[in-house]
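What follows is a set of notes on a single structure, which appears directly below.
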Amino acid sequence: MITVEKVTTDEQYQQALAIRTEVFIEEQQVPPELEVDEYEQVATHVVAYSESGEAVAAGRILPYGDGVGKMQRIAVLKQARTGGYGRAVMNKLEEIGRELGYTEFVLEAQTHAEGFYEKLGYQTLSPEPFLEAGIWHVKMVKHL
C-alpha cells in the first residue's frame, strides 16, 4: 500500500530533498542551484512511502496566481517507478490544491513524462517543447 504524506517535519522535508537529489541532480544532471530554489518555503511538499516505510517519491505544489496551483519537482526513485507512486503523489498534491481553493493546476512536464500526465487529465499547452535545466519540457494544464 502506498502512503503519501504532506510534509510537516524537517525529517520529511529532508527525505523529499534526498529523493529529488537522487532523481534530478544525480540521475538527470540538473545543477543543484536550480533544483533547490527560493520557493522551497512557499511550496507544500509531499512524500510517498512504500509498504516497508521507505521514502520513494516526492513532489510539491506552489500558489501560481488566482485559483491556480503549480505542480513541481515530481520525482520517483528509479527502483519504485511503475509502482503507482507518481500517480499517488499527484493525487495528494491535487487534493491539497483543492483544499487551498485551486480550480486549475499547471506543470512543466519533461517530454518523456507527458503521456503520464495526460493519463491524469492534463492537457499540453506548449506548441513545441522548450529546454529547462538542459531537459526538454512542455507546459500542461488541468482544469477542475
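The values are calculated or read from the model by the stated rules, or taken from the named source; none is laboratory data. Note that this is a predicted model, so its numbers are computed, not measured. Cβ coordinates were reconstructed from backbone atoms using ideal geometry, including for glycine residues, and neighbour counts include every protein chain displayed.
Identify, by number, the condition in (1) modelled with pLDDT under 95; (2) in a strand (DSSP E or B); (3) not small (G, A, S) that F105 doesn't meet.
Against the list (1) modelled with pLDDT under 95; (2) in a strand (DSSP E or B); (3) not small (G, A, S), F105 comes up short only on (1).
Looking only at segment 97-119, filter to residues that are surrounded by fewer than 17 Cβ atoms within 10 Å (Cβ to Cβ) and of a type in the set (V, I, T); which one of those is nearest to the chain's Cα centre (by Cα)?
T111
Restricting to segment 43-73, count the residues that are in contact with a helix residue (DSSP H, G or I) (Cβ under 6 Å, 6 or more places away or on another chain) and either aliphatic (A, V, I, L, M) or over 19 Å from L17 (Cβ atoms) (or both).
Selection size over segment 43-73: 10.
Determine whether segment 131-144 contains at least one residue that is in contact with a Ser or Thr (Cβ under 9 Å, 6 or more places away or on another chain), among the charged types (D, E, K, R), surrounded by fewer than 18 Cβ atoms within 10 Å (Cβ to Cβ) and part of a strand (DSSP E or B).
yes
Any residue that is closer than 17 Å to A16 by Cβ, touching a Gly at 6+ places or on another chain (Cβ under 9 Å) and β-branched (V, I, T) - is there at least one of those in segment 86-94?
Within segment 86-94, the subset closer than 17 Å to A16 by Cβ is 86, 88-93.
Among the residues that remain, those that are also touching a Gly at 6+ places or on another chain (Cβ under 9 Å) are: 86, 89-90, 92-93.
Those left that are additionally β-branched (V, I, T): 89.
Checked against the condition, which is being closer than 17 Å to A16 by Cβ, touching a Gly at 6+ places or on another chain (Cβ under 9 Å) and β-branched (V, I, T), segment 86-94 yields at least one hit.
If you check G115, G65, which single one turns out to be closer than 30 Å to P127 by Cβ, among the small types (G, A, S), modelled with pLDDT of 95 or more and not in a strand (DSSP E or B)?
Being closer than 30 Å to P127 by Cβ, among the small types (G, A, S), modelled with pLDDT of 95 or more and not in a strand (DSSP E or B) holds for just one of G115, G65, which is G115.
Determine whether segment 65-87 contains at least one residue that is under 21 Å from I2 (Cα atoms) and among the acidic types (D, E).
Taking segment 65-87 and keeping what is under 21 Å from I2 (Cα atoms), we get 71-87.
Right, trim to among the acidic types (D, E) and you get none.
No, segment 65-87 has no match at all.
Just checking, does segment 22-42 include any residue being touching a His at 6+ places or on another chain (Cβ under 6 Å), assigned to a helix (DSSP H, G or I), at negative phi and not acidic (D, E)?
Within segment 22-42, not a single residue is touching a His at 6+ places or on another chain (Cβ under 6 Å), assigned to a helix (DSSP H, G or I), at negative phi and not acidic (D, E).
Within segment 36-70, how many residues turn out to be surrounded by fewer than 18 Cβ atoms within 10 Å (Cβ to Cβ) and more than 17 Å from G97 (Cβ to Cβ)?
Summing the residues that are surrounded by fewer than 18 Cβ atoms within 10 Å (Cβ to Cβ) and more than 17 Å from G97 (Cβ to Cβ) in segment 36-70 gives 10.
Identify, please: which residue in segment 55-77 is free of Cβ contacts under 8 Å to residues at least 24 places away in the same chain and over 22 Å from E114 (Cα atoms) and is, among those, nearest to the chain's Cα centre (by Cα)?
Selected residue: G65.
Against the definition (surrounded by fewer than 13 Cβ atoms within 10 Å (Cβ to Cβ) and modelled with pLDDT of 95 or more), how does E5 come out, yes or no?
Considered against the rule, which asks whether it is surrounded by fewer than 13 Cβ atoms within 10 Å (Cβ to Cβ) and modelled with pLDDT of 95 or more, E5 comes out as no.
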